[in-house]
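In what follows, a single structure is set out as C-alpha cells and then discussed.
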Amino acid sequence: MRKTYQVPLTKAQIINTLAESTGLSRKDVTSVLDGLGNLIQAHVKPRSCGIFRLPGLFRISVVKKPASKARKGVPNPFRPGETMDIAAKPASRKVRILPLKGLKDMAS
C-alpha cells in the first residue's frame, strides 16, 4: 500500500522523496522538474499549441476568453428590484487543468 500524506509536500520535500524512491540525486530530480516546467511553459505560452498532456495524469490547456462589453441597468441578483452596472472586461487567456483517467482512478 502506498503512503498517504496529511499535509501537502513542499518543493524540497517532493525533490527529496523522488530522489529516495528513484535512486537519482537531488540535483538530477531538480533538473527534471525544472525541465518539465520549461516544457509546459513552451506549450502554453502565446503563439504555441496551447495544450500540454502528461499521459494518464492531466491535461493543461489555454482557453481564450473574449472581451465583454460594459452593461448598464442589469438587474442585481442579490437585491431584487435594484439595477447595477457591469464594467467591461478585456480579452484574456485562462489556464485550464483537466484530470485524466489515471488521476481520477488514484483519487477514488
Exercise for the section: Below 22 Å Cα-Cα, how many Lys pairs turn up in region 15-108? Only count pairs eight or more apart in sequence, or on different chains, if you could. Expected result: 11
Exercise for the section: Note the angle between two axes, namely the Cα long axis of helix 26-44 and the longest principal axis of the Cα atoms of the chain, as a number of degrees from 0 to 90, rounded to the nearest 10. Expected result: 30
Problem - Relative contact order (percent, whole number), the chain, Cα cutoff 8 Å, 6+ residue spacing - result: 20
Completion exercise
Mean accessible area per residue over the chain (1.4 angstrom probe, all protein chains present, square angstrom) is 85
Problem - Estimated dipole of the chain in Debye, rounded to 20 [Cβ of Lys and Arg +1, of Asp and Glu -1, Cα centre] - result: 520
Practice task
Would you look at the GNM of the chain, springs on alpha carbons closer than 10 Å, and say which of Ile15, Ile40, Ile60 moves the most?
Solution key: Ile15
Problem - Structure-derived percent of Cα pairs over 22 Å apart - corresponding label in (1) 24; (2) 44; (3) 60 - result: (3)
Handout entry: Peptides ranked, highest mean first, by Cβ atoms within 10 Å: ranges 87-96, 27-36, 72-81
Key = 27-36, 87-96, 72-81
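The values are calculated or read from the model by the stated rules, or taken from the named source; none is laboratory data. These numbers come from a predicted model, not from an experiment. Glycine also receives a Cβ, built like all others from the backbone with ideal geometry; neighbour counts cover every protein chain displayed. The accessibility values were calculated without ligands, DNA or RNA, using every heavy atom of the protein model including side chains. Shrake-Rupley method; radii C 1.70, N 1.55, O 1.52, S 1.80 Å.
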